[in-house]
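What follows is a single structure, written as structure tokens, with notes after it.
The values are calculated or read from the model by the stated rules, or taken from the named source; none is laboratory data. Since we're looking at a predicted model, the values are computed, not measured. FYI the Cβ positions are ideal-geometry reconstructions off the backbone, even for glycines, and counts take in every protein chain you see. Just so you know, the surface numbers come from the protein's heavy atoms only, side chains and all, with ligands and any DNA or RNA stripped out. Shrake-Rupley method; radii C 1.70, N 1.55, O 1.52, S 1.80 Å.
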Amino acid sequence: MLWAMLPTSLLETLLQQLLLLDPESQARLRKLDGKRLRLTLDDVGKAITISVNQQGLWLSWFDQEPVDCAIRSRLAVLPELREAANITRLIKADMLDIEGDPMLAQALSKLFAELDIDWPEQLAMRLGDVPAQLLVQTWQRSRQWLQQQRSDQRQWLRDALIEEQQLLPSTAEFSLFRSDVQALRARIDRLERQLSGWKG
Amino acid sequence: MKSATRTPIGNSMTDKQQDTIDFGYQQVAKADKQKLVANVFQSVAQKYDLMNDLMSFGIHRLWKRYTIDCSGVRAGMRVLDIAGGTGDLTEQFARRVGASGEVVLADINDAMLAVGRDKLRNRGIVGNVRYVQANAEELPFADDSFDIITIAFGLRNVTDKQKALESMFRVLKPGGRLLVLEFSKPQPPLLSQAYDFYSFNVLPKMGQLVAGDADSYQYLAESIRMHPDQETLKSMMEQAGYAEVSYHNLTGGIVAMHRGYKF
Ligand SMILES: C[S@@+](CC[C@H](N)C(=O)[O-])C[C@H]1O[C@@H](n2cnc3c(N)ncnc32)[C@H](O)[C@@H]1O
């Protein structure tokens, strides 16, 4: 139980650091100052409480104080919550239960979705201009390379399909072939019958 | 650590008259304990944080984190971290209560407070922390002042623990809670033996090596053994007036976190 707090602490620090990287976070946090949300995961059997203030957000597995919004769901269902359209369906299917202010969960996820971090600048501040520029260029080049690879692969597949298509028989050719096969089968049947007649 | 007049525990049983009190395994005059404890912490202040990490393999951070998580702290609250020393709990509370709240870091020892103040300022904790030199037995605060009070690894050093619990009760707001994080009695026998070996053989040597002070760490090991066990501390809290007192053992009972409310 004690050790489970280690990843939570690390996650909390990571989230705080991410928020700090965007100057706009301050204003977004101010709007949520003092708000608290609890997420109970039935399959994990635990509830995590997220408290927000102007300094950032705080996670706790042991907080039992009242909250502004309480969500009960299952770990596997969480990804579906990103789509607002799924919420009513999940509630009806008994896979989700929300008490209190439902907008709070959305506001919290927006806090991170709206993060706009100037990575080149952040890296330059930490590593110095030259290494940062090198890192950014390498990253951009690898991304370009990856994108190029992906589009090359797609192009190859498309070409292969077109070429295959040219080799494939048309519908008319195929039905002609099919009627030829049927005629052939009829002739073989006939021959077979004649043969058995001679034997008899 | 400088020593004062100390008598071995076996020789002095005048404790019945309440003239003497334990200082580790020694019995000392009641009036002397405060000074002796002050010497210990004066001597370890500079190396205190480093020693904490070394001695507990960093686990003290998780014990403290657990205490914060159980405190129910929220933006705008007033928190007292008594015997707060170098301010580990204060730092976490200050971040959580925000600008509208306040944390008082109080300690009897100015050397520990000074290390705490410098550390917190270097980490950008300013504006919502007040530093007060105070004795837990006679807190210099008005009645009903705090939403939360914590005393972490401090109570066993206090001369009159019952008086300190009562003093904290007085300054707690109705509805507020006290959290006591303290070394306690390890539950599994094997753990208890290993822990004894570690405390009396490894700890003082580590103290000598890192802080150049074996005596203080010998005192640490002894004072832990002399501290009331889980159930005794629980009933002491109830006697002081706290309601719904409960405790939770951490790391097999090496440490326990007691919680009680003032209603
Ligand atoms: C082991 S340290 C704990 C510091 C801090 N709470 C922590 O957990 O890291 C114990 C502290 O208790 C303080 N202390 C001892 N007796 C005290 C008393 N009667 N009133 C207030 N503080 C006291 C010491 O000065 C010392 O800083």
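Scanning the stretch A:26-44 for residues that are outside any loop (DSSP other than H, G, I, E, B) and open to solvent by 70 Å² or more (accessible area, probe 1.4 Å) turns up A:GLN26, A:ARG30, A:LYS31. The set of residues in the stretch A:45-56 that are more than 10 Å from every other protein chain (Cβ to nearest Cβ) and either open to solvent by 70 Å² or more (accessible area, probe 1.4 Å) or modelled with pLDDT of 90 or more (or both) comprises A:LYS46, A:ALA47, A:ILE48, A:ILE50.
Of the residues contained in the stretch B:48-60, none is found to be away from the ligand (no atom under 11 Å from the Cβ), farther than 28 Å from B:TYR247 by Cβ and touching a strand residue (DSSP E or B) at 6+ places or on another chain (Cβ under 9 Å). Can you name the condition, by its number, that A:ARG38 falls short on among (1) within 30 Å of A:ASP94 (Cβ to Cβ); (2) more than 13 Å from chain B (Cβ to nearest Cβ); (3) not hydroxyl-bearing (Ser, Thr, Tyr)? The one condition A:ARG38 does not meet is (2). In the stretch B:19-136, counting only helices (runs of 4 or more DSSP H) that sit wholly within it, the ones holding 2 or more residues that are within 14 Å of chain A (Cβ to nearest Cβ), surrounded by fewer than 21 Cβ atoms within 10 Å (Cβ to Cβ) and at pLDDT 90 or above span B:59-70.
B:SER235 - would you say it is farther than 18 Å from B:ASP22 by Cβ and within 14 Å of the ligand (Cβ to nearest atom)? So B:SER235 fails the test. Would you be able to say whether some residue in the stretch B:82-90 is in contact with a His (Cβ under 9 Å, 6 or more places away or on another chain), in contact (Cβ under 8 Å) with a residue 60 or more places away in the chain and within 9 Å of the ligand (Cβ to nearest atom)? So far as the stretch B:82-90 goes, yes, one or more of its residues are in contact with a His (Cβ under 9 Å, 6 or more places away or on another chain), in contact (Cβ under 8 Å) with a residue 60 or more places away in the chain and within 9 Å of the ligand (Cβ to nearest atom).
For the stretch A:93-127, the tally of residues that are touching a helix residue (DSSP H, G or I) at 6+ places or on another chain (Cβ under 9 Å) and part of a strand (DSSP E or B) stands at 2. If you check A:ALA27 against the conditions, is it under 23 Å from the mean Cα position of the chain (by Cα), more than 14 Å from every other protein chain (Cβ to nearest Cβ) and closer than 29 Å to B:GLY101 by Cβ? No.
Among the residues here, B:ALA194 qualifies as away from the ligand (no atom under 16 Å from the Cβ) and either within 17 Å of B:ASN249 (Cβ to Cβ) or modelled with pLDDT of 95 or more (or both). Scanning the stretch B:137-191 for residues that are open to solvent by 30 Å² or more (accessible area, probe 1.4 Å) and among the polar types (S, T, N, Q), we see that the one that is nearest to the ligand (Cβ to nearest atom) is B:GLN162.
Within the stretch A:1-16, the set of residues being at pLDDT below 85 and open to solvent by 40 Å² or more (accessible area, probe 1.4 Å) comprises A:MET1, A:TRP3, A:ALA4, A:LEU6, A:PRO7. When the residues of the stretch A:57-92 are filtered to those that are at pLDDT below 85 and in contact with a helix residue (DSSP H, G or I) (Cβ under 6 Å, 6 or more places away or on another chain), the one that is most open to solvent (accessible area, probe 1.4 Å) is A:GLU80.
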